[in-house]
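Working notes, structure below.
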Amino acid sequence: MTWLRRIGAVALTLAAIAGVLSVVLAVAVQAGTLRLLVVTSGSMTPTICQGDALVSHRVAASDLGVGDVVTVPQADGSLVTHRIIAVAPADDADPQARTLTLQGDANSIPDSATYTVSTAWVPAVRLPQGGAIVDTFRDPVVLVPAGIAMLALFALTFIPAAKHDDRAPAGPEAAPDEEPHTDEASQGT
């Protein structure tokens, strides 16, 4: 039974680590430090594939260079993730702003529009085909029960483990330090 407890302890530890990482990621996303993106097209194949999830961090446009992969807003508000092929100072009041020319790795020509930005999202972690998992956990029908389950697992870590001594015999001989009980009246004195 010891191996079963060890497996349970490992599973509980892994679940606790996943829970802590999930909370840290959620707080970082809400704080605007990180952004979780799901890739919806194959324009960056083979570097980034459709269905991948990206954990991206914000970088000042002045720190970007040719060859960097960035995610920036398009004119319609949607996001595009492509590689920078040219960077130029923006004709903007913001000295940090840059005008970026982008092109998808799978595209034969640059994007038709340029993007003037003061910051961009740069992928830090790529999770191959992780987009389905991200989309699933964004659904409140999944997120709420999963959160409750993580809290329950966290609470379980505070329950002390039962102490068992498998070497000690069970029954009346379990306490050898006690003197046997005798009734003086029954000894005939």
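What follows draws every value from the coordinates through simple rules; no lab data is involved. If you're wondering where the values come from, they're calculated on a predicted model, not measured in any experiment. Counting neighbours? That spans all protein chains shown, and the Cβs are built from the backbone with ideal geometry, glycine included.
Hey, rough spin-label estimate for Val29 and Ser41, points 7 angstrom out along Cα→Cβ, what's it come to in nanometres?
Here the modelled spin labels are 2.3 nm apart.
Which residues in the stretch 51-81 have a backbone N closer than 15 Å to a point placed 7 Å from the Cα of Asn107 along the Cα-to-Cβ line?
67-81
Show me, for the stretch 10-25, the HN-Hα J-couplings you get by feeding each phi into the Karplus relation (A = 6.51, B = -1.76, C = 1.60, θ = phi - 60°), rounded to Hz, glycine and proline as x.
Per residue, the Karplus-derived 3J(HN,Hα) values read 5, 4, 5, 5, 4, 5, 5, 5, 4, x, 5, 4, 5, 5, 4, 4 Hz.
Return the long-range amide H neighbours of Asp68 (sequence gap of 5 or more, or a different chain), with a cut-off of under 5 Å between placed amide H atoms.
Ile84
Using amide H atoms built in the peptide plane, which far-off residues or other-chain residues are under 5 Å from Asp92 H to H?
Here nothing satisfies the definition.
Can you tell me how much longer the chain between Ala86 and Thr2 gets when fully stretched, taken as 0.36 nm per residue apart minus their C-alpha distance, in nm with one decimal?
On the way: separation 84, 0.36 × 84 = 30.24 nm, distance 6.10 nm.
This chain segment gains 24.1 nm when fully extended.
Please compute the contact order of the stretch 1-89 in relative form: average sequence separation of alpha-carbon pairs under 8 Å and at least six residues apart, divided by the residue count, as a percent.
About 17 percent, as a whole number.
If we sort 96-106, 76-86 on the protection proxy, mean other Cβ atoms within 10 Å, highest first, what's the order?
So the peptides 96-106, 76-86, ranked by packing, come out 96-106, 76-86.
What are the ³J(HN,Hα) values, in whole Hz, obtained from phi via the Karplus relation 6.51 cos²θ - 1.76 cosθ + 1.60 with θ = phi - 60°, for each residue of the stretch 77-93 in sequence order, with x given for Gly and Pro?
Values per residue, Gly and Pro as x: x, 6, 9, 10, 10, 9, 8, 6, 10, 7, 10, 9, x, 7, 7, 10, 5 Hz.
What is the extension gain from Ile159 to Val134, computed as 0.36 nm multiplied by their sequence separation minus the C-alpha to C-alpha distance, in nm to one decimal?
5.9 nm
Which of the three applies to the stretch 1-79, rounded, prolate or oblate, going by the alpha-carbon gyration tensor with a ≥ b ≥ c and a/c under 1.5 meaning rounded?
Prolate, because a/c is 1.5 or more and a/b exceeds b/c.
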